[in-house]
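The values are calculated or read from the model by the stated rules, or taken from the named source; none is laboratory data. These numbers come from a predicted model, not from an experiment. Positions of Cβ are generated from backbone atoms using ideal geometry, with glycine treated the same way; all protein chains shown enter the neighbour counts. All accessible areas refer to the heavy atoms of the entire protein, side chains included, with ligands and DNA or RNA removed. Shrake-Rupley method; radii C 1.70, N 1.55, O 1.52, S 1.80 Å.
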Amino acid sequence: MFNVVANRILWACLMMAAISVVAFTLIQLPPGDFVDSYVNHKQQGGVIMTKDEVAEMRGTLGLDRPMYVQYFDWVGGVVQGDFGFSWEFRRPVSEIIGERLPLTLILAFTTLLFTYLTAIPIGIYSAVRQYSVGDHVFTVLGYIGLATPNFMFALVLLYFAHVFFGTSAGGLFSAEFETAPWSWARIVDLLAHLWVPVVVLGTAGTAFQIRTMRATLLDELNKLYVTAARASGVSEFRLLIKYPVRMAINPIVSTIGWELTNIISGAPIVGIVLSLPDTGPLFVDALLNSDLYLAGALILIYCGLVIIGTLISDLLLIALDPRIRMGSTA
Amino acid sequence: MGQDNLLEIENLRICVDSDGESLPIVDNINLTLKVGEILALVGESGCGKSVTAQSIMRLLPKMLKIETGQITWHSPKQGKPIDITGLDPRGKEIRHIRGDEIAMIFQEPMSSFSPLHTIGNQIMEVVRIHRNAGKKEARAVAVEMLDRVGIPDPNRVVEQYPHELSGGMRQRAMIAKALSCDPALLIADEPTTALDVTIQAQVLSLMNDLQREFGMAIVFITHDLGVVAQVADKVAIMYLGKIVEQGVTREILLNPKHPYTVNLLEAVPRLGRIEDRQALVPIQGNVPSLFDRPIGCPFVTRCSKVIADRCDVSNPSLSTISKDHKVACFLHETTERIPA
Ligand SMILES: Nc1ncnc2c1ncn2[C@@H]1O[C@H](COP(=O)(O)OP(=O)(O)OP(=O)(O)O)[C@@H](O)[C@H]1O
Ligand SMILES: [Mg+2]
């Protein structure tokens, strides 16, 4: 048991190291570096920089050193919580991210929670009452949810929120709370806004998980161990929750990491459409401006979240399934 | 009906709904079982043995319905007859009977335990439901039962998961679970079919021993007449959802009347016959599909003694040929008919 857990954690760390190399390579891939886009920018403003000035700028920023030196320099800082300097914002990256990351985390994990808390009960209902009116309704809603692109869904919700509630559904705070310090009222205000991006980001995943839950549970309900438990006098509700639902939860749990990936990769677009003050729009800007350290830090954090999600689902599975816990292949 | 009858099944007919049409899967089943008696239900795959057994505990899958007939359970614990066919299959009354008064073991020991719960947990569950017992007490019962079915080191096995046990051990654990509340009737649906031969023999002799010790009646489902000879007091031979011959085991095996029973016996390997170099005779043809039931006697398509214009026209009903022997065949018709 200890071995299995240690094994998964070790793998997560190795993955993280590999991801840091990939992240660093990715941000180097687009042609030109920050200095190039800076020079371009100046040129548009009518200022021509000399070759020497450009080279000197590269020197001060350390961009003339070999790639691997730059990489280790960067990773060394990251390990100590120093993600480098954003040239665009002229502030340390950790400061910028520190302001926006909590909202991203709140958004991602609320969406995850919303997805599973909605999908599991609906999936159970749909399986137990197969072909009932409710089952058909959820099936139709599910297909609509799966087929609608997030940005479209966001626009539709924006429109309806405006027409029916007279509120702007964009952003995560009302104007008066935008820069206010955290307080109970601010949290309530956040929740009043949060549901829009959560629903937008979570619907496709919820629809998918309902399908999975329904299919797996239908399968489990016909298994012999269910009949055997029924034959020993267990009541129907207890039977359902203790045996087939427990079994059907496992495949659902194993998709947590993957579901988190979907949420995180969908978030930037939704963030822009709904003008959310989280890291999504920041990430897109950083990529457009070749703001190397900011983009790198965000890629690393996003990948880190995905790895943490996978680790969570692995650890949950170990807790839930004795066959995995004991390292058997069955 | 005799006073010491435990279970009476009368005119049982179970149908499946397919495309709005309702097709009988088993029909006209009449069985009685006395306290402590072992009845074997024999027949080829698909003839309706499991369905008959499941109906006794109202465990039929959704698509199958008891259409006519009555199952009466003379509950020794409640001291009164209970009409099982009249109970709600999800209701309280039947749940009191399941696991406590009537228990069941299944063909697949691999899948009849939940893989996510320990053996102990699943045995204790039955005890706690029916005995109002605390955790400690239930655990003690579980350990004792595992010990009685011959599982070594029961204190360790209660904490183990099903995948840690071999098939034979799991079937023993299943038997322990079934007997944990001392039921008056045990339904064993091919309990040894999935096990290899030496383990089969062990489990069979265990069941024989436990029957003597606990005194429960058993409905033993099998398609192996060799097993029937070893364990059963009475036997009912089923074909395509009907009982074609039934009676006391000795009488049926030594003096079979129905051509199907005769064929079944010829298909059993026996030592004496091998020495005489007599060949085993497989039964010709296959069981017809439910949806394609022959007109007349169900066995007419495979029988070697068909009476023309008789067997392919009408269906023979069970008639009593001696005190211990009934058969449904025109070759052995007597005047005293049992009404169908
Ligand atoms: N849920 C179901 N829906 C439709 N038909 C069913 C269902 N369960 C069983 N049947 C049909 O009922 C018939 C009898 O099945 P049953 O399982 O009782 O056979 P059996 O005698 O136990 O066979 P085996 O020796 O293979 O266990 C079969 O022809 C089967 O197709
Ligand atoms: Mg069967």
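Can you say whether B:A232 is touching a residue at least 40 places away in the same chain (Cβ under 8 Å), of a type in the set (G, A, S) and open to solvent by less than 20 Å² (accessible area, probe 1.4 Å), as far as the supplied structure shows? So B:A232 passes the test.
Are any residues in segment B:49-58 open to solvent by 10 Å² or more (accessible area, probe 1.4 Å) and either more than 8 Å from ligand 1 (Cβ to nearest atom) or on the phi > 0 side of the Ramachandran plot (or both), and if so, which ones? The one that is open to solvent by 10 Å² or more (accessible area, probe 1.4 Å) and either more than 8 Å from ligand 1 (Cβ to nearest atom) or on the phi > 0 side of the Ramachandran plot (or both): B:R58.
If the condition is being among the hydroxyl-bearing types (S, T, Y), touching a residue at least 40 places away in the same chain (Cβ under 8 Å) and either over 19 Å from A:A192 (Cα atoms) or open to solvent by 30 Å² or more (accessible area, probe 1.4 Å) (or both), then segment A:110-125 contributes A:T110, A:Y116, A:T118. Checked against the criterion of being within 14 Å of chain A (Cβ to nearest Cβ) and surrounded by fewer than 23 Cβ atoms within 10 Å (Cβ to Cβ), the candidates B:G150, B:G167, B:G215 yield just one match: B:G167. The condition of being modelled with pLDDT of 95 or more and open to solvent by 10 Å² or more (accessible area, probe 1.4 Å) holds for only one of B:E101, B:E125, that being B:E125.
Every residue, every condition in (1) touching a residue at least 12 places away in the same chain (Cβ under 8 Å); (2) within 16 Å of ligand 2 (Cβ to nearest atom), yes or no:
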site	(1), (2)
B:I9	yes, no
B:D19	no, no
B:K77	yes, no
B:I102	yes, no
B:Q107	yes, yes
B:M110	yes, yes
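Of the helices (runs of 4 or more DSSP H) lying entirely inside segment A:219-275, those containing at least 3 residues that are under 26 Å from B:H96 (Cα atoms) span A:224-230, A:236-240. The number of residues in segment A:26-53 being open to solvent by 70 Å² or more (accessible area, probe 1.4 Å) and in a helix (DSSP H, G or I) comes to 9. The conditions of being more than 13 Å from every other protein chain (Cβ to nearest Cβ) and of a type outside the set (A, V, I, L, M, F, W, C) are not met by B:G91. Residues of segment B:32-60 that are more than 19 Å from B:A184 (Cβ to Cβ) and part of a strand (DSSP E or B): B:V42 alone. Within segment B:121-137, being closer than 28 Å to A:I324 by Cβ and within 13 Å of chain A (Cβ to nearest Cβ) holds for B:N121, B:Q122, B:I123, B:M124, B:E125, B:V126, B:R128. Annotation: of all residues in segment B:1-30 being more than 20 Å from B:A328 (Cα to Cα) and within 13 Å of ligand 1 (Cβ to nearest atom), the one that is nearest to the other protein chains (Cβ to nearest Cβ) is B:D17. Read through the list (1) of a type outside the set (F, W, Y); (2) in the same structural domain as B:H130 (by TED's automatic domain parsing); (3) within 25 Å of A:M326 (Cβ to Cβ); (4) touching a helix residue (DSSP H, G or I) at 6+ places or on another chain (Cβ under 9 Å), then give the number of the only condition that B:R156 fails. Just one mismatch for B:R156, condition (4). Consider segment A:295-328 and keep the residues that are outside any helix (DSSP H, G or I) and farther than 20 Å from A:L10 by Cβ. The one that is nearest to the chain's Cα centre (by Cα) is A:D321.
Residues in segment A:282-298 that are at pLDDT 90 or above and either touching an Asp or Glu at 6+ places or on another chain (Cβ under 6 Å) or surrounded by fewer than 21 Cβ atoms within 10 Å (Cβ to Cβ) (or both): there are none. Pairing each residue of segment A:234-246 that is among the charged types (D, E, K, R) with any residue that is at pLDDT below 95 and open to solvent by 30 Å² or more (accessible area, probe 1.4 Å), provided the two are 6+ apart or on different chains, yields C-beta distances under 8 Å for A:E236/B:R90; A:R246/A:L320. Residue under question is B:S45, and the condition is that it be at pLDDT 90 or above and within 16 Å of ligand 2 (Cβ to nearest atom); does it hold? Considered against the rule, which asks whether it is at pLDDT 90 or above and within 16 Å of ligand 2 (Cβ to nearest atom), B:S45 comes out as no. Residues in segment A:168-225 that are of a type in the set (V, I, T) and away from every other protein chain (no Cβ under 14 Å): A:T179, A:I187, A:V188, A:V196, A:V198, A:V199, A:V200, A:T203, A:T206, A:I210, A:T212. Just to be sure, is B:H130 within 25 Å of B:S50 (Cβ to Cβ), at pLDDT 95 or above and assigned to a loop (DSSP other than H, G, I, E, B)? When the stated conditions are applied, B:H130 does not pass them. Summed over segment B:96-127, residues that are in contact with a strand residue (DSSP E or B) (Cβ under 8 Å, 6 or more places away or on another chain), of a type in the set (V, I, T) and within 17 Å of A:R246 (Cβ to Cβ) total 0. Scanning segment B:250-264 for residues that are touching a helix residue (DSSP H, G or I) at 6+ places or on another chain (Cβ under 7 Å) and open to solvent by 10 Å² or more (accessible area, probe 1.4 Å) yields a count of 4. Which one is nearest to the other protein chains (Cβ to nearest Cβ), of the residues in segment B:97-120 that are more than 16 Å from ligand 1 (Cβ to nearest atom) and part of a strand (DSSP E or B)? Checking each candidate, the answer is B:R98. Within segment B:289-330, restricting attention to residues that are small (G, A, S) and open to solvent by less than 80 Å² (accessible area, probe 1.4 Å), the residue that is modelled with the lowest pLDDT is B:S289.
Applying the criterion of at least 3 residues that are basic (K, R) and within 16 Å of ligand 1 (Cβ to nearest atom) to the helices (runs of 4 or more DSSP H) found wholly in segment B:182-255 leaves an empty list. Scanning segment A:226-254 for residues that are surrounded by fewer than 20 Cβ atoms within 10 Å (Cβ to Cβ), facing another protein chain (nearest Cβ under 7 Å) and among the basic types (K, R) yields a single hit, A:R246.
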